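Written out below as structure tokens is the structure these notes cover.
The values are calculated or read from the model by the stated rules, or taken from the named source; none is laboratory data. In this text the structure is predicted, and so the values were computed from the model without any measurement. Please note: Cβ atoms are built from the backbone with ideal geometry, for glycine as well, and neighbour counts cover all protein chains shown. Please note that ligands, DNA and RNA were not included when accessible areas were found on the heavy atoms of the full protein model with its side chains. Shrake-Rupley method; radii C 1.70, N 1.55, O 1.52, S 1.80 Å.
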Amino acid sequence: MTETTEFEPKIIAFLCNWCTYTGADLAGTSRLQYPPNVRIIRLMCSGAVDPMYVLKADLAGADGILIGGCHPGDCHYQEGNYKARRRVIALKEILKSAGFDEDRIWLRWISASEGARFAETVREMTEAMRAKGPNPMKTMWAV
Amino acid sequence: MKISLPVENHQPLAALQGFLKSLLEKNIVDVILTPMRTPSGSVTPALVSDAVLLNQADPLAPVLAVNAATWAGKVSLREPRPRLAAVLRSCEARALVELTKMAQASLEDLLIVAIDCAGTYTPSTYLRKQTQSKLPLWIDLYAAVRQQSEIVNADLRLACQICEQPVYENAPIRVRLLESDLEQTIWIEAQDEIAEKLGWQGTATNGRSPLIDAYIASRTQARDRAFAEIRTRLEGEEGISVVFAACIRCHNCMTVCPICYCKTCVFKSHVFDHEPMKYLEWARQKGAQRMPPDTMLFHLTRQNHMALSCVGCGMCTDACPSELPVGLVFRAVADRLQQTFEYLPGRNLEEPLPLVTFKADEWTEVGE
């Protein structure tokens, strides 16, 4: 349980199959370097990200949660990302009202051709979460 | 159109019962859902088909045992269904509109008879106080509104003490109790089509009385004080996990919520049936794991599902055996969320639920 090494943030990423996951794939095939702090979960659409998954990750102690979807207007299911946007706004409002740090949750539009943007987003988020320090939920067993 | 229902012998309840009987006798509806007095003295919603039994109807009794929207939903949900009149307080009417949007009720053959509310007690408080009182408990409550006297009644349900929506103005039939001198008369308004069936010779409806504005203003102040208090706790040192620390996970808040919409709650589904080794994994992750697990997940998920449609009826608070301020936390969260989406639950059937709709050109900075 004791951490002797330097804090490495752990980021859980929920990525849509068609855009951001493919963008992440492109980052890999393009041999772009980015921090290994992200654990990717692929879903068919950002509109399929149940806010409960995000809450579960947060309460379990994930340091950051990234939701990646197609740019507005580009959703392969027409409107999933627009609905995801509303859900994320609602979820962050709830977390803020409950006294949680809503800035651990990021929503980003990253297309299949934006491998570099994916790598940059992971770099940016890893550093932002490193600056925040560990999610206090990591040690809160009574929630 | 509105009429003034004459009150004889200072018995407004009898006048109101007479009005409800006329809905059955003039064949406007088949059945009426209304608060009814039981032989024990308690008051509960009941579905009444026999006009004679309406002598036991008591919509004035200041008690809320269940939010009757749930039951109006069950009776109206699908065809074939009866033509129903449902006597509802504002929070019940608003919950019913939300349920209709969620396809768990239908207003097709349902007449909402909205009664103005001066606040309610829990069933046990009501019974205790009514047993000790010679006069019906509603008299003081409605009189206080008319006299604009600032009575702080700490016995009322907290949800009622901070309720800023005591009247529901979008109903086909409205019993304007707060504006009526109940010794003399009861103002009732109805849509013209219904007024015609009732054979009314009424006058045009008028706007809201300044009395009600004053009443709403004082309740709004009480609400804002309660919000400030709970927000200090939620956003300060304590946080929601401390505020809800004594939760025993009975799920009562979920069971009594009129608009908790899932037929099977995910927290009672196989999603939360875990393998034994999963518990070990969790215990190892944090060194220990509260049992039952996922208590905060339960509360935050419920807020996430319900807060936009929360009508503030406070049934959750009444049902909590640990006396947690469930409803107040819900309302404090809901208030901000509803402002963000410019949504007032129950206001209008035509307004879509915020999370099933969207605009392409909103919050365009998010995600960039």
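Miscellaneous remarks
- Around B:Val66: net Lys/Arg minus Asp/Glu count, Cβ-Cβ under 10 Å: -2
- For chain B: rounded, prolate or oblate by the Cα gyration tensor [a/c cutoff 1.5]: prolate
- Minimum 40 Å² accessible area buried by the other protein chains, the range B:286-320 residues, probe 1.4 Å, relative to alone: B:Lys286, B:Arg290, B:Met296, B:Leu297, B:Leu300, B:Asn304
- Bridges between two residues of the range B:77-188, per DSSP, are antiparallel at a rate of about 20%.
- Comparing B:Pro276, B:Pro345, B:Pro136 in a Gaussian network model of chain B (Cα springs below 10 Å), the most mobile by mean-square fluctuation is B:Pro276.
- For A:Phe7, the solvent-accessible surface computed with a 1.4 Å probe is close to 50 Å², ligands and nucleic acids excluded.
- Of B:His299, B:His10, the order by accessible heavy-atom surface (1.4 Å probe, DNA, RNA and ligands excluded), from most exposed downward, is B:His10, B:His299.
- Between the range B:108-143 and the range B:7-53, the C-alpha centres lie 14 angstrom from each other.
- Legend: residues B:Ser322, B:Ser4, sorted from most to least accessible area (1.4 Å probe; ligands, DNA and RNA excluded), read B:Ser4, B:Ser322.
- Computed on protein heavy atoms with a 1.4 Å probe, the accessible areas place B:Thr205, B:Thr301 in the order B:Thr205, B:Thr301, largest first.
- Spatially close Lys pairs in the range B:1-117, defined by Cα atoms under 28 Å apart and a spacing of eight or more places or different chains, total 5.
- Chain pair A, B: total accessible area buried, heavy atoms, 1.4 Å probe, Å²: 3600
- Local electrostatic count, A:Leu95, Cβ distance below 10 Å [Lys/Arg +1, Asp/Glu -1]: -2
- Nearest-0.05 FRET efficiency for B:Cys262 and A:Arg39, computed from C-beta distance (R0 25 Å): 0.30
- Area of A:Lys83 that stays accessible when all protein chains are in place (1.4 Å probe, Å², to 10): 50
- Solvent-accessible area of A:Trp18 with every protein chain in place, 1.4 Å probe, in Å² to the nearest 10: 100
- Database remark: amide H of B:Tyr121 closer than 5 angstrom to the amide H of B:Val63, B:Leu64, B:Arg157 (H placed geometrically; neighbours at sequence offset of 5 or more, or on other chains; Pro and chain starts carry no H).
- The trypsin sites (Lys or Arg not before Pro) found in the range A:1-50 that occupy coil by DSSP, while having at most 12 further C-beta atoms within 10 Å, are A:Arg31.
- Stretchable slack from B:Arg81 to B:Arg249, in nm (0.36 nm times residue separation minus alpha-carbon distance): 56.9 nm
- Karplus-derived 3J(HN,Hα), 6.51/-1.76/1.60, for each residue of the range B:354-368, Hz, glycine and proline x: x, 8, 10, 9, 6, 10, 5, 9, 10, 6, 5, 6, 6, x, 8
- Per residue, in Å², the accessible surface of the range B:171-294 once ligands and nucleic acids are set aside, probe 1.4 Å: 55
- When you filter the trypsin sites (Lys or Arg not before Pro) in the range B:17-60 for DSSP loop state and at most 13 other Cβ atoms inside 10 Å of their Cβ, you are left with B:Lys26.
- Using a simple spin-label model with pseudo-atoms 7 Å out from Cα toward Cβ, B:Leu349 and B:Ala144 lie 3.5 nm apart.
- Site pair B:Arg128 and B:Ser269 shows an inter-label distance of 4.1 nm when each label is modelled 7 Å from Cα along Cα→Cβ.
- Placing +1 on each Lys and Arg Cβ and -1 on each Asp and Glu Cβ, with no other charges, gives the protein assembly as shown a dipole about its Cα centre of roughly 1000 debye.
- For B:Lys359, a cut-off of 14 angstrom between C-alpha atoms picks up these aspartates and glutamates, skipping any fewer than 8 places away in its own chain: A:Glu79, B:Glu342, B:Glu351.
- Looking at the range A:47-143, the accessible area is 35 square angstrom per residue; that uses a 1.4 Å probe and ignores ligands, DNA and RNA.
- DSSP beta bridges in chain B [antiparallel fraction, %, rounded to 5]: 60
- Sequence-distant residues sharing a close amide H with A:Cys45 (under 5 Å, placed H): A:Asn17
- Over all Cα atoms in the range A:1-132, the spread is summed up by Rg and Dmax: 14.5, 47 Å.
- Minimum 10 Å² accessible area buried by the other protein chains, the range B:206-255 residues, probe 1.4 Å, relative to alone: B:Leu234, B:Glu235, B:Ile240, B:Ser241
- Nearest-0.05 FRET efficiency for B:Arg208 and B:Thr357, computed from C-beta distance (R0 51 Å): 0.95
- Estimated FRET transfer efficiency (B:Ser49, B:Tyr279; beta-carbon r; R0 45 Å; 0.05): 0.30
- Residues whose amide H falls under 5 Å from that of A:Ile67, counting only those 5 or more places apart or on a different chain, are A:Phe14, A:Trp106, A:Leu107, A:Arg108, with hydrogens built in the peptide plane.
- Table column - 3J(HN,Hα) (Hz), the range B:291-307, Karplus curve with 6.51, -1.76, 1.60, x for Gly and Pro: 10, x, x, 6, 5, 5, 4, 4, 5, 6, 5, 5, 4, 5, 6, 10, 4
- Share of carbon and sulfur in the accessible heavy-atom surface of the protein assembly as shown [1.4 Å probe, %]: 52
- Antiparallel bridge percentage (DSSP; both residues within the protein assembly as shown; nearest 5): 40
- Here the range B:1-44 is scanned for amide nitrogen atoms under 20 Å from the site 7 Å beyond the Cα of B:Asp181 along Cα-to-Cβ, giving B:2-16.
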